[in-house]
Amino acid sequence: MNKLTILLVLLASVIFTAGCTDDSGNATSAQEISVVENMTALEQINTSVQEGPVLIKIGAEWCGPCQQMKPILSDLAAEYTGEVTVMSADIDQSPEIGAYFGISYIPDSFVVVGLENGEYVYMQEDGNITTDRFQARVLGFREKQVYEELLDRAVLYYENK
């Protein structure tokens, strides 16, 4: 009987104090919360690039490497909140996006840093800019560091243009 009483007292104390914790040190600020935007139209790029560089990943649900990139994209969206917009497009749901960018291999990623004479301006991995997306694309699954370096260059370019 004593064991049952002790167990009930412990259970009651856990239930009553469950919401009484202080998470102020672990609170996530609004700036740390960011999402990868689902891109379905080019207008989304046109709007976002006015505020900063836009990282775009084009892939598909059935693509294993594309799925591996999801946590990397989420991390990048959080790290670069307020500086970079991170978007993802599914070629099966938005085939016109794939056709516009000439996608033949996925995942296919690139960073748009501007719009010049109606053409997108892309950041290359070496830090140069081009209007030729094929020179600026990052094919396949790559480590997060590759995207961080590319985005750092894009942010620097955007700030100095």
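The values are calculated or read from the model by the stated rules, or taken from the named source; none is laboratory data. Not measured: the values here are computed from a predicted model. Glycine also receives a Cβ, built like all others from the backbone with ideal geometry; neighbour counts cover every protein chain displayed. Ligands, DNA and RNA are stripped out before the accessible areas are found, and what is left, the full protein with its side chains, is counted by its heavy atoms. Shrake-Rupley method; radii C 1.70, N 1.55, O 1.52, S 1.80 Å.
Probe radius 1.4 Å, ligands and nucleic acids ignored: give me the carbon and sulfur share of the accessible area of the stretch 37-160 as a rounded percent.
Working: 2750 of 5930 Å².
Carbon with sulfur: 46 percent of the solvent-accessible area.
Can you list the HN-Hα couplings for the stretch 48-57, worked out from phi with the Karplus curve (6.51, -1.76, 1.60; θ = phi - 60°), rounded to whole Hz and with x for Gly and Pro?
5, 5, 6, 9, x, x, 10, 8, 10, 10
Over the stretch 29-161, average the accessible area per residue using a 1.4 Å probe and give it in Å², no decimals.
Accessible area per residue, the stretch 29-161: 51 Å².
Could you list the GluC sites (Glu not before Pro) in the stretch 82-161 that lie in coil according to DSSP, counting only those with at most 11 other Cβ atoms within 10 Å of their Cβ?
Here the GluC sites (Glu not before Pro) that fit, given the DSSP loop and packing criteria, are Glu143.
About the Cα centre of the stretch 37-160, how large is the charge dipole given +1 on each Lys and Arg Cβ and -1 on each Asp and Glu Cβ? Please answer in debye to the nearest 20. Show your work: numbers first, answer last.
Values: 7 positive and 21 negative charges, 50 e Å.
Dipole about the Cα centre, nearest 20: 240 debye.
List the chymotrypsin sites (Phe, Trp or Tyr not before Pro) in the stretch 66-161 that DSSP assigns to loop (not H, G, I, E or B) and whose Cβ has at most 14 other Cβ atoms within 10 Å. Which are they?
Numbers: sites: Tyr80, Tyr100, Phe101, Tyr105, Phe110, Tyr120, Tyr122, Phe134, Phe141, Tyr147, Tyr157, Tyr158; in loops: Tyr80, Tyr105, Phe141.
Qualifying residues, ordered by number: Tyr105.
Note the full-extension length gain between Asn128 and Lys144 as 0.36 nm times their separation in residues minus their Cα-Cα distance, in nm to one decimal.
Between Asn128 and Lys144, full extension yields 3.8 nm more.
Quick one: compute the contact order of the stretch 37-160, relative version, from alpha carbon pairs under 8 angstrom and 6+ residues apart, as a percent. Mind dumping the intermediate values first?
Working: 202 pairs, mean separation 36.6, N = 124.
Worked out over the stretch 37-160, it gives 29 percent.
Assign unit charges at the C-beta atoms only (+1 for Lys and Arg, -1 for Asp and Glu), then state the dipole size of the stretch 39-96 relative to its Cα centre in Debye, rounded to the nearest 20.
120
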